[in-house]
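Asks: Here it is: the structure, laid out below.
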């Protein structure tokens, strides 16, 4: 039987991740970012703009992105993986993740599940599991292009989901590229997920497991459902995909396929240069045929039937918008129950910006509603 262990669970599997510590100037900048909530909407609207679909960028998002250009540090596309991880963790802190205003939960600790490190968030009022009745759980995989991001960069996301849904959250510290290219991250994700849905983690009810992730983490979540199906293993109750990336053909081919990849090739936030950097790190050595495999590019899978119901949320000003919506359509065609939601005023990293962007909080609250509906709580 799989068990969780408290031993040797303090250090990330990835060099550079979770090592950022905020300086005094960064603390001041983060406090200023939180003050965006108090600026009147008419003033913020000055900084907004409308995309080709008529979706207007939220004013607080637009102003904070302008600020990030001034204080956000070097472009990650110009850094090595270790420095880029510290940079992304810093940007997430400035956006409110792992900051003093992050949602409070009852307990946060680290464990090892079958050799994979996880950070576990327990709701307030619920003690550490002491051998009682198994409970529902959300298993979360952070974004960051399979090469950056960390448990810290998505700390506020997991805290939000835990606090608002009153469900324990397991955030996976999967191995990242380029040190560990595909399929290492998927192996770590499926190790934890398969243990949960098969009833091998004593504190988790295997029939009430929700898997979730954003961007690259959403890729790992949905690829995991295909991995489980093909091995005859149980499916989770729901796959919750935020801004998923599911098409890993050559970047030029993907750019030609989705209008949003072309419209937002220079941002806001994530750019074509970033996609090329992530692509080279994660799947750069794979052949064209291998890139089209089900577990690499799930949207190209011949058969998507038999996998978990899906909740797919995209942002209106995100290069990945059309890709996520196309994947939701393919799931629907395959008979997979799916809910698709476009948050028109947001950009790519909306899941870990709820402290700063009001629209982000609303988007996550909608996702929490899906969680509570599926779990019947």
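The values are calculated or read from the model by the stated rules, or taken from the named source; none is laboratory data. All figures in this text were calculated on a predicted structure; none of them were measured in a lab. Here the Cβ is made from the backbone with ideal geometry for all residues, glycine too, and neighbour counts use every protein chain on show.
Asks: Do you know which of the residues in region 289-315 that are touching a strand residue (DSSP E or B) at 6+ places or on another chain (Cβ under 6 Å) and in a loop (DSSP other than H, G, I, E, B) is surrounded by the fewest Cβ atoms within 10 Å (Cβ to Cβ)?
Replies: By that ranking, first place goes to 309.
Asks: Cβ-Cβ below 7 Å, separation at least six or inter-chain, first residue in region 23-41 and more than 16 Å from residue 58 (Cβ to Cβ), second part of a helix (DSSP H, G or I) and modelled with pLDDT of 70 or more: which pairs?
Replies: That search, which allows pairs on different chains as well, returns 26/90; 26/93; 26/94; 29/71; 29/94; 30/93; 30/94.
Asks: What single numbered condition from (1) at pLDDT below 95; (2) surrounded by 17 or more Cβ atoms within 10 Å (Cβ to Cβ) fails to hold for residue 285?
Replies: (2)
Asks: Now a separate question. So which residues in region 344-362 are in contact with a strand residue (DSSP E or B) (Cβ under 9 Å, 6 or more places away or on another chain) and either assigned to a loop (DSSP other than H, G, I, E, B) or surrounded by fewer than 24 Cβ atoms within 10 Å (Cβ to Cβ) (or both)?
Replies: Within region 344-362, 344, 345, 346, 347, 348, 349, 359, 362 meet the criteria.
Asks: Something else about it: Among the residues of region 112-127, are any closer than 26 Å to residue 360 by Cα and within 13 Å of the chain's Cα centre (by Cα)?
Replies: No.
Asks: If you don't mind, another one. Name the residues in region 166-184 that are part of a loop (DSSP other than H, G, I, E, B) and buried (at least 24 other Cβ atoms within 10 Å of the Cβ), would you?
Replies: 173, 174, 176, listed by residue number.
Asks: With in contact (Cβ under 8 Å) with a residue 24 or more places away in the chain, touching a strand residue (DSSP E or B) at 6+ places or on another chain (Cβ under 9 Å), outside any helix (DSSP H, G or I) and closer than 23 Å to residue 366 by Cα as the only criterion, which of 212, 202 stands out?
Replies: Unique residue meeting the criteria: 212.
Listed here are the residues, each with its yes/no results for (1) in a loop (DSSP other than H, G, I, E, B); (2) touching a helix residue (DSSP H, G or I) at 6+ places or on another chain (Cβ under 8 Å); (3) closer than 22 Å to residue 313 by Cβ.
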| site | (1), (2), (3) |
| --- | --- |
| 189 | no, yes, yes |
| 193 | no, yes, yes |
| 224 | no, yes, yes |
| 248 | yes, yes, yes |
| 266 | yes, yes, no |
| 280 | no, no, no |
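Asks: Among the listed residues 322, 318, which satisfies the condition of being assigned to a helix (DSSP H, G or I) and either modelled with pLDDT of 95 or more or touching a helix residue (DSSP H, G or I) at 6+ places or on another chain (Cβ under 7 Å) (or both)?
Replies: Exactly one residue qualifies, and that residue is 322.
Asks: When region 286-301 is examined, which residues are found to be in contact (Cβ under 8 Å) with a residue 60 or more places away in the chain and over 15 Å from residue 228 (Cα atoms)?
Replies: Result: 286, single match.
Asks: Within region 14-34, how many residues turn out to be modelled with pLDDT of 80 or more, more than 12 Å from residue 90 (Cβ to Cβ) and surrounded by fewer than 18 Cβ atoms within 10 Å (Cβ to Cβ)?
Replies: 3
Asks: Moving to a separate point now. Output yes when any residue across region 61-71 is in a loop (DSSP other than H, G, I, E, B), at pLDDT 80 or above and either in contact with a helix residue (DSSP H, G or I) (Cβ under 9 Å, 6 or more places away or on another chain) or surrounded by fewer than 21 Cβ atoms within 10 Å (Cβ to Cβ) (or both), and no when none is.
Replies: No, region 61-71 contains no residue that is in a loop (DSSP other than H, G, I, E, B), at pLDDT 80 or above and either in contact with a helix residue (DSSP H, G or I) (Cβ under 9 Å, 6 or more places away or on another chain) or surrounded by fewer than 21 Cβ atoms within 10 Å (Cβ to Cβ) (or both).
Asks: List, please: which pairs have Cβ atoms under 7 Å, are six or more places apart or on different chains, and start with a residue in region 364-376 that is farther than 12 Å from residue 354 by Cβ and end with one that is part of a helix (DSSP H, G or I)?
Replies: 371/165; 372/165
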